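Heads up, the thing below is written out as structure tokens.
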Amino acid sequence: MNQLNALLASSHRFTHAVMALEAGLLRTAAVPPRAASRTFMADVEKTLTLLAGALRGRRAHLKEFPDLREDHHALVQSGDQKIERYALVNVEATGS
């Protein structure tokens, strides 16, 4: 039950972060995506694909999962922190 509660809490944080990013798109100037953003997004997609496969009965080895913590660290360290949209992404990626 504790794991299910933690999963639910994490999914709520994720949903709120996505909503904040979507709202922020209207209020911030467009900037080019950072290379670290592309890596992070690709690795999140790979992680979700592996998790979906595991729910369908496919075995996934831990070594198949990308290191999202390292990707996140690289994302936060990249880009000009004074650019509002980069700062928004950094804050929401940290909170979720």
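For Asp71, state whether it is part of a loop (DSSP other than H, G, I, E, B) and either hydroxyl-bearing (Ser, Thr, Tyr) or in contact with a helix residue (DSSP H, G or I) (Cβ under 7 Å, 6 or more places away or on another chain) (or both).
no
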Item checked: Matching residues in region 11-63 - criterion: being free of Cβ contacts under 8 Å to residues at least 24 places away in the same chain, open to solvent by less than 60 Å² (accessible area, probe 1.4 Å) and not aliphatic (A, V, I, L, M) -> Ser11, Thr47, Gly53
Note to self: Tell me yes or no: at least one residue of region 26-35 is modelled with pLDDT of 80 or more and hydrophobic (A, V, I, L, M, F, W, C).
What the structure shows: yes
Next item on the list: Hey, can you tell me all the residues within region 28-58 that are of a type in the set (S, T, N, Q) and in a loop (DSSP other than H, G, I, E, B)?
Entry: Thr28
Notebook entry, point to check: Taking Ser10 and the conditions (1) part of a helix (DSSP H, G or I); (2) more than 11 Å from the chain's Cα centre (by Cα); (3) modelled with pLDDT of 85 or more, which numbered condition does it fall short on, given that it satisfies the others?
Noted result: (3)
Check: When Gln3 is evaluated against the numbered criteria (1) in contact with a helix residue (DSSP H, G or I) (Cβ under 6 Å, 6 or more places away or on another chain); (2) assigned to a helix (DSSP H, G or I), which criterion, by number, is the only one it fails?
Finding: (1)
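The values are calculated or read from the model by the stated rules, or taken from the named source; none is laboratory data. Note that the structure is predicted; figures quoted are calculated from it, not measured. Reconstructed Cβ throughout: ideal geometry from the backbone, glycine too, with neighbour counts over all protein chains shown. The area values use the complete protein model at the heavy-atom level, side chains included, leaving out ligands, DNA and RNA. Shrake-Rupley method; radii C 1.70, N 1.55, O 1.52, S 1.80 Å.
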